[in-house]
Amino acid sequence: MSVLRVRGGEMLRGVIPIHGAKNSALPILAATLLSCGRCVICGCPDIADVRAAGEILRHLGCEVERVGTSLIVDSTGAKAAEIPPELMGKMRASLGFFGATLSRFGWGRLCAPGGCRLGARPVNYHVAALSALGAEWSQTDSELRCNWEFRVGGDLTLPFPSVGATETVLLAAVSVPAVVTLHGAAREPEIADLCGFLTAMGAEISGVGTSDLTVRGGKRLHGAVWRVLPDRMETASYLAAAAAAGGDVTLTETDPTLLAPVLETLRKAGCRIDTETKKIRLVSDGNLRGVGTVTTAPYPGFPTDAQAPVMAALLRAKGESVFCETVFPDRFSHVPELRRFGAEIALHGRTATVTGVERLSACEAAATDLRGGMAALIAALCADGVSTLRNIAVLDRGYENWVENFRLLGADVQRTEE
Ligand code: EPZ
């Protein structure tokens, strides 16, 4: 098992390029299945979840080749096949591949998708939306089988702006020879990126960037070249680390407009943040102040994926910071791990109250999930002494070259296998 030794106390200084967004690359890779041709996905991060996506595409008969930072996918020879449970279970984004398989071949098997444990992660919105478009389901004890022979258009409304369910509807609707309108759609930038790629393949989508998307489907889609938008969560994570440890870090190839609530919160904590079109520079002396209440919400609100890393940045802040998690029912599994460092965090339902402490002490802690693992790393960077972090392979799912990047910034970190 991979472990990370972290000697805390080093400030972070340097320049790091941000990669393409994991949560955009994954649905876009699923959408390549609909092109029946050759797609070039530029700026595709080389992370474990993207490699898992490549395995699924190859299993479905696609040719997948990485050329530098691009992934070339030729789905000409793709054939209807069931995505094996062991592949489906690797990540939540497998749902997108289920939707794309259904869209291209008219049937699919849905077994338990993987992904971070953030409380129950049901798929009822996905099932209800596909049913409204004519999909028929049969259930066994461990899986849902879906047959989509008669495709109908219509007006759908999501009860919650689910990112995944919005992606499922988009991947399905482009193959419906009618008009599909989705109300209450997610407005995350990654959704607009997926719409952009589908449009580049020949789809007709309007309302992009709003909660009301209209798709005029049924057109034959062709291959396309697309550059994935920058990863706003990778950006937020490095900013939170620099804010906490102190230092002067510049992130390039990113987009400050994608994470305004995070920048606002870190400025409130006392960081100096300068932005240019594709750059963010954060300067911090490591002595932060509490930020009051931070409430996560669907875009354009404070992103739930930044909750854990920003919480970790505020463990030594003077004053209180209160995090209200409104997107996931159970997204505080990183809190017990942060308490091991001496953090003072009180939990009441979906609210976590952080009272800043003078110092954090090195300890043994575990990465509970992708963003929780980043939080534990940020705490270790600020703790007195040498910490050991376990289960850190989970960070490989979403952060390309993260160990090298932190070492480049001056962190005293060493990855070993136990
Ligand atoms: C996507 O997950 C992201 N994952 C998550 O990022 C992100 O936290 C989340 O969107 C919210 O922004 C990927 O894009 C691969 P949702 P997703 O459907 O699609 C409930 C990371 O760290 N819900 O918007 O699964 C659900 O339980 C990951 O990169 C239902 O009840 O999120 C949750 O409470 C973590 N029924 C809420 O909606 C459904 O059918 C939002 O979930 C679907 C969702």
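The values are calculated or read from the model by the stated rules, or taken from the named source; none is laboratory data. Because the structure is a prediction, the values reported are computed rather than measured. All Cβ positions, glycine included, derive from the backbone under ideal geometry; neighbour counts span all protein chains shown. Heavy atoms of the whole protein, side chains included, go into the accessibility calculation; ligands, DNA and RNA do not. Shrake-Rupley method; radii C 1.70, N 1.55, O 1.52, S 1.80 Å.
Assign unit charges at the C-beta atoms only (+1 for Lys and Arg, -1 for Asp and Glu), then state the dipole size of the chain relative to its Cα centre in Debye, rounded to the nearest 20. Mind dumping the intermediate values first?
Values: 42 positive and 45 negative charges, 47 e Å.
Dipole about the Cα centre, nearest 20: 220 debye.
Ranking request for peptides 297-307, 168-178, 131-141: highest mean number of other beta-carbon atoms within 10 Å first, then the rest in descending order.
On the way: 297-307: 20.3, 168-178: 23.4, 131-141: 13.8.
Output ranking for 297-307, 168-178, 131-141: 168-178, 297-307, 131-141.
What angle, in degrees between 0 and 90 and rounded to the nearest 10, separates the Cα long axis of helix 48-59 from the longest principal axis of the Cα atoms of the chain?
Helix 48-59 sits at roughly 20 degrees to that axis.
Using label points projected 7 Å from each Cα along Cα→Cβ, tell me how many nm separate residue 15 and residue 149, to one decimal.
According to this spin-label approximation, the distance is 6.1 nm.
Run the count for the chain, please: Lys pairs, Cα-Cα under 27 angstrom, 8 or more apart or on different chains.
9
Can you give me the relative contact order of the chain as a percent, contacts being Cα pairs under 8 Å and 6 or more apart? Show your work: numbers first, answer last.
Values: 1062 pairs, mean separation 87.7, N = 418.
Relative contact order for the chain comes out at 21 percent.
Could you tell me which of rounded, prolate or oblate describes the range 25-227, using a ≥ b ≥ c as the square roots of the eigenvalues of the alpha-carbon gyration tensor, with rounded for a/c under 1.5 and, failing that, prolate when a/b is larger than b/c and oblate otherwise?
Working: a/c = 1.33, a/b = 1.11, b/c = 1.19.
Rounded shape, in that the Cα axes give a/c under 1.5.
Treating the Cα atoms of the chain as identical point scatterers in vacuum, please give the log10 of the normalised Debye intensity I(q)/I(0) at q = 0.14 Å⁻¹, two decimals.
Calculated log10 I(q)/I(0) at the listed q: -1.21.
So with the 1.4 Å probe, I'd like the accessible area per residue for the range 187-272, rounded to whole Å². Provide the component values of the computation, followed by the final result.
Details: 2900 Å² over 86 residues.
Each residue of the range 187-272 exposes 34 Å² on average to a 1.4 Å probe.
Once ligands and nucleic acids are excluded and a 1.4 Å probe is used, how much of residue 121 is accessible, expressed in Å² to the nearest 10?
Its heavy atoms expose roughly 70 Å² to the probe.
Which value, in Å², gives the accessible area per residue of the range 54-164 when a 1.4 Å probe is used on the protein heavy atoms? Working shown, then result.
Values: 5050 Å² over 111 residues.
On a per-residue basis, the range 54-164 sits at 46 Å².
Over the chain, what percent of the accessible surface lies on carbon and sulfur atoms, probe 1.4 Å?
Numbers: 7980 of 15580 Å².
Result for the chain: 51 percent of the exposed heavy-atom area is carbon or sulfur.
Given the rule -39500 (n - 2.57) for each run of at least 4 DSSP H residues, summed and divided by the residues of the chain, what is its mean residue ellipticity at 222 nm, to the nearest 500 deg cm²/dmol? Intermediate values should be presented prior to the final figure.
On the way: 13 runs with 126 residues, N = 418.
The per-residue figure over the chain is -8500 deg cm²/dmol.
Give me the compactness ratio for the range 106-222, meaning the Cα radius of gyration over 2.2 N^0.38 Å.
That works out to 1.04 for the range 106-222.
Restricting to Cα pairs below 8 Å that are 6+ residues apart, what does the relative contact order work out to for the range 318-418? Please round to a whole percent.
Working: 147 pairs, mean separation 22.8, N = 101.
Once normalised by length, the contact order is 23 percent.
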